[in-house]
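Read through the structure below, which is laid out as structure tokens, and then see the notes.
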Amino acid sequence: MTIETDSFDRVFKHHKLFVNGIQLHVVVGGQGPALLLQHGWMGSWYSWRKVMPALAERFTVIVPDARGYGDSAKPAAGYDGLTVKEDLRQVLRALGHGRAFVMGHDMGAPAALLMAAHHPDEVIGVGYFDEPLLGVNLERFTAFRPDNPFVYWWFAFNATEHIAAMLWEGKEDRMVDHMITAMVADPRSVTARDRAEYVRGLRSPGGLNGSFGWYRDSLLTGRQIVEATQGRVLEVPVLALNGEYGHPGVAEQFEGIAATIDGATIPGCGHLLAEEQPAAVVAHILAFAERHGRRLGDATM
């Protein structure tokens, strides 16, 4: 999918917002109910570029660079799910939105889920895209054993102080090339220009803080998810998507945890859903919003 830069820039504007004690870079465009999209590991707002124009026809699309990524501030700490959740919540409030659809991909998904769990009146529907459910089943995928042929080794690796930095610094382009090639079904879906944009963010001052921080705090985030969901069922509808060659069974993870689960596997797709199969991602989000948008109260879908 080709993005026409001139038309994209007419719809979407870049903002710097001071929220939760830090400055975040946020891209905003469109009109209608608020839809916040949170990227995952190694990414930035740019990860959603292929789906943003179509979604902006129906929504006010709000796409931040998470703390530690892209052109946002890159503090040394504050990467647990509840802190990142509060970043997202304050972004929405700073832009004048009391309620929104909140969608997260990869390591951006836990913060979206925690926002839905802690502030259900503010989240119309939550998206959890191609990611283990931290605190529930992560150890199943990180275990090094014969029945787990594709170990999620990067969780422990990126959480290891000093070693990860020693091996990442100065080799960001090679690491991005390796990881993205492994993540996607068709490597052509993420071009050399796209990869260079991710490398740019990772090579900026403090640019690896978010990458390491999310994983360093992943066990804490898992405990936060367990505490937020234990003993009650999440009433906010969940859109659970995974790629055919991505993280398996995202919808099944939420059985017994969420009351309403709209789950789907996107054919011919790896882990980077919005970059590999943007039309399918748009279709699933629109259908989900149509089904559950009445929770807006003051808007119709």
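The values are calculated or read from the model by the stated rules, or taken from the named source; none is laboratory data. Everything numeric in this text was worked out from a predicted model, so none of it was measured. Here the Cβ positions follow ideal geometry from the backbone for every residue, glycine too, while neighbour counts run over all protein chains shown.
Give all pairs with beta carbons closer than 7 Å in which a residue from region 14-25 that is part of a loop (DSSP other than H, G, I, E, B) meets a residue that is surrounded by 13 or more Cβ atoms within 10 Å (Cβ to Cβ); count only pairs at least 6 apart in sequence or on separate chains.
So the pair list comes out as Asn20/Glu86; Asn20/Asp87; Asn20/Gln90.
For region 214-301, list the helices (runs of 4 or more DSSP H) that sit wholly inside it and hold at least 1 residues that are surrounded by fewer than 23 Cβ atoms within 10 Å (Cβ to Cβ) and in contact (Cβ under 8 Å) with a residue 12 or more places away in the chain; which are they?
Here the list reads 218-229, 250-253, 278-292.
Yes or no: Ala112 touching a Phe, Trp or Tyr at 6+ places or on another chain (Cβ under 8 Å), part of a helix (DSSP H, G or I), modelled with pLDDT of 95 or more and within 21 Å of Val51 (Cα to Cα)?
yes
Check off (1) of a type in the set (A, V, I, L, M, F, W, C); (2) more than 17 Å from Ala111 (Cα to Cα); (3) at pLDDT 95 or above for Ala299 and give me the number that stays unchecked.
Result: Ala299 fails condition (3) only.
Output the qualifying pairs, or none if there are none: Cβ atoms under 9 angstrom, residues six or more apart or on different chains, first residue in region 91-112 and farther than 19 Å from Gly81 by Cβ, second residue of a type outside the set (Phe, Trp, Tyr) and part of a helix (DSSP H, G or I).
His97/Val91; Gly98/Leu92; Arg99/Leu92; Arg99/Arg295; Arg99/Leu296
If Pro120 passes every condition in (1) surrounded by 22 or more Cβ atoms within 10 Å (Cβ to Cβ); (2) farther than 21 Å from Leu219 by Cβ; (3) not small (Gly, Ala, Ser) but one, which one does it miss?
(1)
Can you list the helices (runs of 4 or more DSSP H) lying wholly within region 138-193 that have 2 or more residues being within 19 Å of Gly246 (Cα to Cα) and out of contact with any strand residue (DSSP E or B) (no Cβ under 9 Å at 6 or more places or on another chain)?
Fully inside region 138-193 and qualifying: 138-142, 154-159, 172-183.
Out of all the residues in region 86-125, which are closer than 16 Å to Ala259 by Cα and within 11 Å of the chain's Cα centre (by Cα)?
Answer for region 86-125, where residues must be closer than 16 Å to Ala259 by Cα and within 11 Å of the chain's Cα centre (by Cα): just Leu113.
What are the pairs with Cβ atoms under 8 angstrom where one residue, in region 141-156, is at negative phi and the other, located anywhere, is among the charged types (D, E, K, R)? Sequence gap at least six, or different chains.
Listed by first residue and then by second, the contacts come to Asn148/Arg140.
Out of curiosity, is Thr60 of a type in the set (Val, Ile, Thr) and surrounded by fewer than 22 Cβ atoms within 10 Å (Cβ to Cβ)?
Taking the combined requirement at face value, the residue satisfies it.
Give me the pairs, please: first residue somewhere in region 191-212 and in contact (Cβ under 8 Å) with a residue 24 or more places away in the chain and surrounded by 13 or more Cβ atoms within 10 Å (Cβ to Cβ), second residue anywhere and among the aromatic types (Phe, Trp, Tyr) and assigned to a loop (DSSP other than H, G, I, E, B), beta-carbon distance under 6 Å, and either six or more positions apart or on two chains.
If the second residue must be among the aromatic types (Phe, Trp, Tyr) and assigned to a loop (DSSP other than H, G, I, E, B), the pairs left are Gly201/Tyr69; Gly210/Tyr69.
Taking the stated definitions as given, is Ala54 surrounded by fewer than 20 Cβ atoms within 10 Å (Cβ to Cβ), aliphatic (A, V, I, L, M) and assigned to a helix (DSSP H, G or I)?
The answer is yes for Ala54.
Filter region 19-67 for residues that are among the small types (Gly, Ala, Ser) and closer than 26 Å to Asn209 by Cβ; which is nearest to the chain's Cα centre (by Cα)?
That would be Gly40.
Would you mind finding the one in Arg174, Arg193, Arg188 that is of a type in the set (Lys, Arg), closer than 19 Å to Leu273 by Cα and modelled with pLDDT of 95 or more?
Residue meeting the stated conditions: Arg193.
May I ask you to say which residue of Gly96, Gly78, Gly125 is among the small types (Gly, Ala, Ser) and buried (at least 23 other Cβ atoms within 10 Å of the Cβ)?
One residue alone meets the criteria, Gly125.
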